[in-house]
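Worksheet: the structure to be examined is printed underneath.
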Amino acid sequence: MAACARQGKRAKVILSNVTNVYSNLALEHWILNNWRFSKFDCLFVYRNEPCVVLGRFQNTWREVNVSRAQRQGVNIARRVSGGGTVYHDLGNVNFSFFTDKPSHCPAKNLQFLSKTLNDRHRLAIDPNKRHDLFIGDKKISGSASRIIRTGSFHHCTLLVNSDLVKLFGLLHGDKTLKGTATASVPSPTTSIVSAMSRDLTNQTCDVISTAHIIDLVAENYLSLYRQNPSVNVDLWSEECNQDTESDVILVDKVPDKILDPHHESFEWIFGKSPKFSKEFEVSGNVYTVNVEKGLVRGVNDTENCEVVGQRYDPEVIYQFLTQDHIENIS
């Protein structure tokens, strides 16, 4: 496939030491909108503190156990790309492959990742047609993409040694919600370390860490372009720009001017959920609550009740419906 060919470009690797999901997603968005990829490709690598990241067109409450995330202090974020909901923590590594639009090819990126890891550690990682990575019948990576006129990125997770119990608990939202939002495709999930620990023939489990994976992937990525990791510079230093000769660029902070407060807001994280409805059964009666932009718009098509206009919160709504004045709702 011609679009998947590397066409004599150079490459850059950007390594983020920032672990805040909103900062890293903002930086990823900034790179796409401000750099041009006609002469070089770029690999952006980052990790986040525990968080859940939704696809652009998903329903937050359907995908995420919101109350559990809030109790555990786990951030919920919505990215600008599509796809399903994923869990990040410091045991997971995120890779974003930036190219110009004609060179966009997720399959090529996943072939590179799987070959890099399989050749070094005999992991038997296989990509599938949905651009996921599996070890056996269990998923270790999910993907999504964003394409604009001037460039594109394909980003993917890689569960190296993540907290799978926490992952399973958070990625169980309310599947009874009715609407048109993009739904995640559930798959049995594992991490690389968990899969290797079950493989008694593989003796390299003790050397697998996120730092090792990052170094391995970055080195092999640059080798595709016949480059070796050379000069490290800070992304925000005066000598660094998209034309710098440095192969590896470091990020220790994300300036406030890059951040977009809107992407941390209720309106973006929750309000971007496509409109939906939820049925509540109380004392043998069924009440249909309609929600749009994250706000309650009506109960049984009645707009004259105190929860209308409030942010959707199923616990608050249930308490309201169990009060004595529900006879006013037709």
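The values are calculated or read from the model by the stated rules, or taken from the named source; none is laboratory data. What you see is a predicted model; the values in this text were computed from it and never measured. Backbone-built Cβ (ideal geometry, glycine too); neighbour counts: all protein chains shown. With ligands, DNA and RNA removed, areas are computed over all heavy atoms of the protein, side chains included. Shrake-Rupley method; radii C 1.70, N 1.55, O 1.52, S 1.80 Å.
Segment L216..E315, full-extension length gain: 31.0 nm, with 0.36 nm per residue of separation and the alpha-carbon distance subtracted. Once the C-beta distance of E303 and K39 is scaled by a Förster radius of 35 Å, the resulting FRET efficiency is 0.05 to the nearest 0.05. Label point of V165 set 7 angstrom out along Cα-Cβ; within segment 43-70, no amide nitrogen lies under 15 Å from it. Between K293 and K115, what FRET efficiency follows from the Cβ-Cβ distance if R0 is 51 Å, with the result rounded to 0.05? E(calc), rounded to 0.05, equals 0.70. Longest segment of the chain with no GluC sites (Glu not before Pro) in a DSSP loop having at most 12 other Cβ atoms within 10 Å? That gives 1-237 as the longest site-free run. Distant-in-sequence amide contacts of S184, defined by a placed amide H-H separation under 5 Å and a gap of 5 or more residues or a different chain, comprise T85.
Computed on the chain, with alpha-carbon pairs under 8 angstrom and 6+ residues apart, the relative contact order is 20 percent. Seen from all directions on average, the chain presents a Cα convex hull projection of 19.0 nm².
With all protein chains in place and a 1.4 Å probe, the accessible surface of segment 67-189 carries 52 percent carbon and sulfur. Between A107 and R56, the modelled labels are 2.3 nm apart [label points 7 Å from Cα along Cα→Cβ]. For the residue pairs K175/K293; K175/K272; K139/K253; K129/K253, alpha carbon separations beyond 24 Å are given by K139/K253; K129/K253.
Treating each Cα of segment 60-216 as an identical point scatterer and ignoring solvent, apply the Debye formula and state log10 I(q)/I(0) at q = 0.11 Å⁻¹. Debye curve over Cα of segment 60-216, log10 I(q)/I(0) at q = 0.11 Å⁻¹: -0.47. Taking amide H atoms as placed 1.01 Å from N in the peptide plane, the amide H of K139 lies under 5 Å from those of T189, T190, each 5 or more residues away in sequence or on another chain.
Based on protein heavy atoms only, the chain ends up with 48 Å² per residue of surface accessible to a 1.4 Å probe. For segment 116-200, the spread of Cα positions along the three principal axes, ordered from largest to smallest, is 46, 38, 20 Å. Once both labels are positioned 7 Å from their Cα atoms along Cα-to-Cβ, the gap between S67 and D126 label points is 4.1 nm.
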